Structures are given as C-alpha cells and as structure tokens.
C-alpha cells in the first residue's frame, strides 16, 4: 500500500479549504490549487481564520495551529498539485467541470499518485473513466463543514483496486473521521436521503402547505433536526441541491426525484443561499429573514 504524506487539493472554496484544513492538522503537507491565485489566497486566508477560531474555542491547541498553517502551500500550476501522493478534487458539483479537471491533470501526475473526488452525487466510475488510472481512483465525500463533521463517505468505482480502497479508509481515519461505504449509485447514501427531503420541503413551501418559518420550525422541533430543511438548503447552496436532484432524476429515472420548480426558480434568480446573501432566507441584514 502507498504511504500518503503529501496531499493535493483542487478547489479552494468551502469544501476544498476544509479538506486542506483537516489534512494539515493531521500532519500532511498540503498543496492547494484553484483556477486563480486570488482564489487560492482567499482559501488560505479562510483556513487560517477557521483554525484561529478553533484555537480560540479550545478545539485545537495553539501549537497545532502553528504547526498546521505552514503545511499548506499554494499550488499555482497543475504540475505542483500533481506531484503529490493523493490528489482530492473538490470543485463545483458539475460533472463536465470535474472531467475537465481530471483530464488536464493526467500529464502532471506521478505514476503512483492516487486520485479522489469529493463529489456528493456523481458517478465515481464515470469520473474515473476519463483518467489514466481508474484503478487508483475513489470517491471521498467529506461533509460540510469539513473541520466539524465526522463522516467521510467512501465510494468505489467499478475499476477501483482493493489497495486504493484500503488506502482511502486509512487516510480518512487518520484525519479523525468515521467512514461509511457507499455503492456507486447516484448521490450515494447521505444525499440520496437528505437532498430529496430538502426538495420535498421546498415543494411543501411551493404548494402553500407552510411558510419558510413554519416548515423549518416543524422539522427542528418535530423531528429534532438541528437545522430546518430550508435553512440547510441555503447552507449547502441551492445550486448544489439542484445539481444533486438532477443527478438523482437523470440517474434513477424516477419522478419522485423531480426538482421542485421553486428550487429551479431560486437558482435561476441567483438566490443560492448563504453564499449569495439570499435564498429561502435573506442574509443581508443582522438576522436572516424568510424571503417567502
């Protein structure tokens, strides 16, 4: 089995930065890559802010913080990120984009480099097929926010070698995560269950069964959920929710996975949730206010 010491992360947004964050705290040398130097810089700054917040709350020691921050460096070119033991792709949930990334990365990888995707819904087998090493390709689906959430779903493609799988499990456990194995079906386990629930909550709003506040309050107090489904959709990003529903609808050909028209309308409006300032709540003021 390959020994993993260096990790390349492609995508410096919320998920990629979170993955780099936990890898550095676990002692790995991390190279963070994105399409522009500005995005990499923003990702590095977010990681340092979040680590400082953890240290201030006593979740990590100051020594751990001081050791982890220098372990993460900017990788401006694909060659820099490819010269690692494991590369984790954490780009937007768009199959075409992910395939472009993996195709462009092929010429810059060492022969022994393992590849992983943080996709939350897309076929690992299909993503692996555009690479030169489907046997060394696996799904590592981290939960958001990565530094706080304990689960990593591990998904094998049809060609994934047993050694790649064992490496992936050991790696995830070294980050302090618990693993759950999922078969390579659309949306795997977590999002196969979670995202249709959010979509159904949006239908409940769309059909006038309840207001935003009533729906979220009902699920928080009636089902003991820490966050209401509409609030959770905003947190995930409504564009991501829609992308996962489309993967489910297309991949399983079942009308129960049809995206709610109201979800489509919000995404078309650019009301994507917290990251856009508006979704099912308006976040531009001091406290979030329902938008319907």
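Sort 281, 257 by Cβ crowding within 10 Å, fewest neighbours at the top. Don't jump to the answer; show the numbers that get you there.
Working: 281 25, 257 21.
By the 10 Å Cβ count, ascending, the order reads 257, 281.
Pop the C-beta distance of residue 37 and residue 250 into the FRET formula with R0 = 45 Å and round what comes out to the nearest 0.05.
Values: r = 35 Å, r/R0 = 0.79.
Efficiency, from the Cβ-Cβ distance: 0.80.
How big is D, in µm² s⁻¹, for the stretch 192-290 by Stokes-Einstein at 37 °C and 0.692 mPa s if Rh is the Kirkwood radius over C-alpha pairs?
Numbers: Rh = 13.4 Å.
Taking Rh from Cα pairs, D becomes 245 µm²/s.
May I ask you to derive the relative contact order of the chain, considering only C-alpha pairs under 8 Å and at least 6 residues apart, and to give it as an integer percent?
RCO, the chain: 13 percent.
Can you tell me how much longer the chain between residue 211 and residue 79 gets when fully stretched, taken as 0.36 nm per residue apart minus their C-alpha distance, in nm with one decimal? Please list the in-between numbers first.
On the way: separation 132, 0.36 × 132 = 47.52 nm, distance 5.04 nm.
Using 0.36 nm per residue and subtracting the Cα-Cα distance, I get 42.5 nm.
Order by neighbour count: 36, 121, 255, fewest other Cβ atoms within 10 Å first, most last.
Details: 36 10, 121 23, 255 7.
Ascending Cβ contact count within 10 Å gives the list 255, 36, 121.
If I fit a long axis through the Cα atoms of helix 95-105 and take the longest principal axis of the Cα atoms of the chain, what angle between them do I get, 0 to 90°, rounded to 10?
Around 10 degrees separate the two axes.
How much mean residue ellipticity at 222 nm does the chain get from its helices, if each DSSP H run of length 4 or more adds -39500 (n - 2.57) and you divide by all residues, to the nearest 500 deg cm²/dmol?
Values: 12 runs with 133 residues, N = 292.
Result for the chain, helices only: -14000 deg cm²/dmol.
For residue 126 and residue 189, calculate 0.36 nm times their separation in residues minus their Cα-Cα distance, and state this gained length in nm to one decimal.
Numbers: separation 63, 0.36 × 63 = 22.68 nm, distance 1.80 nm.
Extending this stretch completely gives an extra 20.9 nm.
Per the Kirkwood formula on distinct C-alpha pairs, the Rh of the chain is how many angstrom?
Details: mean 1/r = 0.0507 Å⁻¹.
It is 19.7 Å.
May I have the extent of the alpha carbons of the stretch 137-205 along their three principal axes, as whole Å values ordered from largest to smallest?
Dimensions of the stretch 137-205 along the principal axes of its Cα atoms: 46, 29, 13 Å.
If I model a spin label as a point 7 Å beyond the Cα along the Cα-Cβ vector, how far apart are those points for residue 180 and residue 69 in nm?
3.5
Distance from the Cα centre of the stretch 1-75 to that of the stretch 146-214, in angstrom?
Taking the Cα centre of the stretch 146-214 as reference, the centre of the stretch 1-75 is 22 Å away.
For each of 212, 193, count neighbouring Cβ atoms within 10 Å of the residue's Cβ, then give the residues from fewest to most.
On the way: 212 22, 193 10.
Result, fewest neighbours first: 193, 212.
Read-outs: derived from the displayed coordinates by stated rules, not from any lab. Here the structure is a predicted model, which means the values were calculated and not measured. Virtual Cβ from ideal backbone geometry, glycine too; neighbours counted across all protein chains shown.
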